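Any read-out appearing in this document is the output of simple, stated calculations on the displayed coordinates, not a laboratory observation. All figures in this text were calculated on a predicted structure; none of them were measured in a lab. Virtual Cβ from ideal backbone geometry, glycine too; neighbours counted across all protein chains shown.
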Amino acid sequence: MDDCLFCRIVRGEIPSRKVYEDDEVLAFHDINPLRPVHILVIPKRHITSLATVSAADVPVLGRVMAVAQQIAADNGSPDGFRFIINTGRIGQQDVQHLHAHILGGPEPLGPMVKHL
């Protein structure tokens, strides 16, 4: 997708603070971090969301997950992290390119969802 923000980052048209890159995956710091460690991990190939994945996407999704621990540890969260993939309108997916958030840091994150 020519106008996709993350595709443009992959192509180098928009700068990012890269922390990891291989043939299939790119990871970079979130521009509005919510935690001391807030890194986005994306497949380089455009996949809109988890709602649109197919069997052909399984290897790259596995790669996204496989590199998360090392990225978190190398960037200040060696004792654990949260790995979040927002999907669609209900999941508040802001960029329509599948991406995972690695959230962490030196302190525990607290509950995932506040009880109502």
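As an exercise, identify the trypsin sites (Lys or Arg not before Pro) in region 27-71 lying in DSSP coil whose Cβ has no more than 14 other Cβ atoms within 10 Å.
Arg45
Mind sorting Glu24, Glu107 by how few other Cβ atoms lie within 10 Å of their own Cβ, fewest first?
Glu107, Glu24
Kindly express, to the nearest 10 degrees and within the range 0 to 90, the angle between helix 58-74's C-alpha long axis and the longest C-alpha principal axis of the chain.
Approximately 40 degrees, to the nearest ten.
Can you compute the FRET efficiency between Ala66 and Arg89 using 1/(1 + (r/R0)^6), with r the Cβ-Cβ distance and R0 = 22 Å? Round to the nearest 0.05.
Efficiency, from the Cβ-Cβ distance: 0.15.
Given the options Asp23, Asp79, Asp57, state which has the largest fluctuation in a GNM of the chain using a 10 Å cut-off (strictly under) for Cα springs.
Taking springs between Cα atoms under 10 Å, the residue moving most is Asp23.
For a quick check, take a GNM of the chain with Cα springs below 10 Å and name the residue from Leu26, Leu103, Leu50 with the largest mean-square fluctuation.
In this elastic network of the chain, the residue with the biggest mean-square fluctuation among Leu26, Leu103, Leu50 is Leu50.
Any idea what the dipole of the chain comes to, in debye rounded to 20, about its Cα centre with Lys/Arg Cβ at +1 and Asp/Glu Cβ at -1?
Dipole size: approximately 240 debye.
Does region 5-104 come out rounded, prolate or oblate by the C-alpha gyration tensor, with a ≥ b ≥ c the root eigenvalues, rounded set by a/c under 1.5 and, if not, prolate when a/b is larger than b/c and oblate if not?
rounded
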